[in-house]
Amino acid sequence: MLRDAGYGVLLFDLRAHGQSGGETSTWGDKERQDVRAALAYVRAQPDVDPARVGALGFSIGSAAVAEVAAEDPQVAAVVLLSPFNTLWLAAAYDFRRFGVVTQTGALVPFWRRGIALDEVRTIDAVDRIKPRPLLIVAGTEESGQPLLDELFAHVAPYAQTWRIPGASHGNFAATAPEEYPRRLRAFAEAALKPAPVVEPAPAVAPTPAVEKKKAPARKPSRRTKAGAR
């Protein structure tokens, strides 16, 4: 969508996803390294303006993008699709209804892999992204709606948010095929537009100083001469 609108776009698979290497996803923890590497690569391209690079992440990717953007002020704009408030809550949410024992069991695989559950906290990272442009999008049919309610209320004073009616996790384009691309393009246009070119003021030649001539001394009139006698 953004490429068709004229933007340069780098798409990449996080570790253990798609065609990228790795056997274990860490749900946004070590993926922060992947996002940093992608940003470094993009900024090094000769046709890229480093001041106009934004980042868009979906689900696990949104957690990594939020954390990196919070620490990297050069990320000019951020889009988070289907984010979760904290990694701990995301990992345990669907198991809470079965009790503490089941919820704790759901976290064991994360602890065994050394995943920093307490470090990936999107709901805190977003505060460090402002005042840069931030757009958060989620669907009304995703899991964890109470958590999304909390996140959306938290960022309401400074971010753009959109809850897509009827959309589940990741099928935004299918649910809103016209409005979703329109909103993405509008956000990018406002957030990443080039800085206005300030034309230098034309040089003005200094006005040459005009030498003032002294008026000739007036000769005394005959009346004055007569009076002087």
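Counting only protein heavy atoms and using a 1.4 Å probe, the accessible area of residue 189 comes to about 120 Å².
Only protein atoms count toward the accessible area here, which uses a 1.4 Å probe; on the stretch 51-187, the carbon and sulfur part of that area reaches 54 percent. Phi angles across the stretch 163-175 convert, under the Karplus curve 6.51 cos²θ - 1.76 cosθ + 1.60 with θ = phi - 60°, into 3J(HN,Hα) values of 9, 7, x, x, 8, 9, 5, x, 9, 5, 5, 6, 7 Hz, Gly and Pro given as x. The modelled label-to-label distance for the pair residue 153/residue 186, using points 7 Å beyond Cα in the direction of Cβ, is 2.6 nm. Between residue 55 and 77, 78, 79, the built amide H atoms are under 5 Å apart, and every one of these is 5 or more places off in sequence or on another chain.
The length gained on full extension between residue 52 and residue 124, counted as 0.36 nm times the residue separation minus their Cα-Cα distance, comes to 23.5 nm.
Take the stretch 1-76 with all the other protein chains still there, run a 1.4 Å probe, and you get 57 Å² of accessible area per residue.
In this simple spin-label approximation, residue 1 and residue 72 carry label points 7 Å from Cα along the Cα→Cβ vector, and these lie 2.2 nm apart.
If you sort 143, 20 by accessible surface, 1.4 Å probe, largest first, the order is 143, 20.
In this structure the amide hydrogen of residue 161, modeled in the peptide plane, comes within under 5 Å of the amide hydrogens of 136, none closer than 5 places in sequence on its chain.
Accessible area per residue was computed with a 1.4 Å probe on protein heavy atoms; residue 130 scores about 100 Å².
The values are calculated or read from the model by the stated rules, or taken from the named source; none is laboratory data. A quick note: this is a predicted structure, and the numbers were derived from the prediction, not measured. So basically every Cβ, Gly included, is an ideal-geometry build from the backbone, and we count neighbours across all protein chains shown. These area figures cover heavy atoms from the full protein model, side chains too; ligands, DNA and RNA do not enter into them. Shrake-Rupley method; radii C 1.70, N 1.55, O 1.52, S 1.80 Å.
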